[in-house]
Amino acid sequence: MKKPLIIISWCSWVGKNAVWKYIKSVSEINLGKVTTTTSRPIRQGETHWKEYFFVTKEEFENLIETNKLIEYTTTHTNYYWSTFEALENVVKNSIVPVYEIDTKWLDYFMESLKDDYDITSIFILPPSFEDLERRLLSRWSETPETIKIRIDTARREYESVNNYEYKVINDDIERAWNEILEIIKRRIQYV
């Protein structure tokens, strides 16, 4: 029998961290975010195993050689990846795994994990790109060029929306939280 697995993706800056914190805090479902791994240096305020598993580039290369990765990518010369071990650690504790992934990885996850997992994919959208731009302007001290890059990135991510089973617009954070939670509850009932 397949095990449930939740994948959540988003357009940049739609509030995914707030959504996850709420879902985790109010849900009677035993959900656990699968922690990914990075070779980038740990930042002030971060905790090893909470935000990421932090390892060296040499440790990363060993994981590639021993085929222990589900996927990996390079961003700004640092590696980011998911391991089968991290997924299995969540599942063995009878916890429903939740992945927060970039849109470019959806097809790979769906193909790699389809034999063992019943995958529910959810895409979180901004109400509009104008709203997204307002969020960036109100929350961050960024240059117009940086905001344009982030908006362009979000537009590229949006092109993947039809690859997802469910779409949730984060126009009201509490409503979005509850909609995602209801999707997860419904799907887990049938697994």
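So, in nm, how far is label Thr47 from label Lys185 when the simple model puts each one 7 Å beyond its Cα toward the Cβ? Distance between label points: 2.8 nm. Ranked for footprinting exposure by Cβ neighbours inside 10 Å, fewest first, Phe54, Phe109 give Phe54, Phe109. Around the amide H of Ser160, modelled in the peptide plane, lies no amide H under 5 Å away from a residue 5 or more places distant or on another chain. In plain terms, the chain from Arg155 to Val26 could stretch by 43.3 nm, reckoned as 0.36 nm per residue minus the Cα-Cα distance.
Cross-linked pairs Lys21/Lys148; Lys57/Lys167; Lys57/Lys185: Cα-Cα separations exceed 32 Å for Lys57/Lys167; Lys57/Lys185. Phi angles across region 144-158 convert, under the Karplus curve 6.51 cos²θ - 1.76 cosθ + 1.60 with θ = phi - 60°, into 3J(HN,Hα) values of x, 5, 5, 4, 4, 4, 5, 5, 4, 4, 4, 5, 5, 4, 4 Hz, Gly and Pro given as x.
DSSP beta bridges fully contained in the chain are about 30 percent antiparallel. Per the Debye formula on identical point scatterers at the alpha carbon atoms of the chain, with no solvent, log10 I(q)/I(0) at q = 0.09, 0.16, 0.19 Å⁻¹ is -0.35, -1.15, -1.52. Computed over region 35-94, the P(r) tail beyond 20 angstrom holds 23 percent of alpha carbon pairs.
Each of Asn162, Ser9, Val90 was placed along the dipole of the chain (beta-carbon charges, centred on the mean Cα), and the one lying farthest toward the positive end is Val90.
The phi torsions of region 178-189, fed into the Karplus equation with coefficients 6.51, -1.76 and 1.60 and a -60° offset, translate into couplings of 5, 5, 5, 4, 5, 4, 4, 4, 4, 5, 5, 4 Hz, rounded to whole numbers, with Gly and Pro shown as x. Computed about the Cα centre, the dipole magnitude for region 35-94 is approximately 200 debye when only Lys and Arg (+1) and Asp and Glu (-1) carry charge, each at its Cβ.
Going by how many other beta carbons lie within 10 Å of each one, how would you line up Arg134, Arg187, fewest first?
Arg134, Arg187
In this structure, the amide hydrogen of Tyr52, modeled 1.01 Å from its nitrogen in the peptide plane, lies closer than 5 angstrom to those of Thr47, counting only residues at least 5 positions away or on a different chain.
Computed extension length for Lys68-Met1: 21.8 nm, one decimal, from 0.36 nm per residue of separation with the Cα-Cα distance subtracted.
When only the Cβ of Lys, Arg, Asp and Glu is charged (+1, +1, -1, -1), the dipole of the chain relative to its Cα centre reaches about 420 debye.
The HN-Hα couplings worked out from phi for region 6-11 by the Karplus form 6.51 cos²θ - 1.76 cosθ + 1.60 (θ = phi - 60°) are 10, 10, 10, 10, 6, 7 Hz, whole numbers, x standing for Gly and Pro. Evaluated with a Cβ-only charge set (Lys, Arg +1; Asp, Glu -1), region 101-150 carries a dipole of roughly 360 debye about its Cα centre, given to the nearest 20.
No lab work stands behind these numbers, since they all come straight from the coordinates. Treat the numbers as computed from the prediction; the structure is a model and nothing was measured. Positions of Cβ are generated from backbone atoms using ideal geometry, with glycine treated the same way; all protein chains shown enter the neighbour counts.
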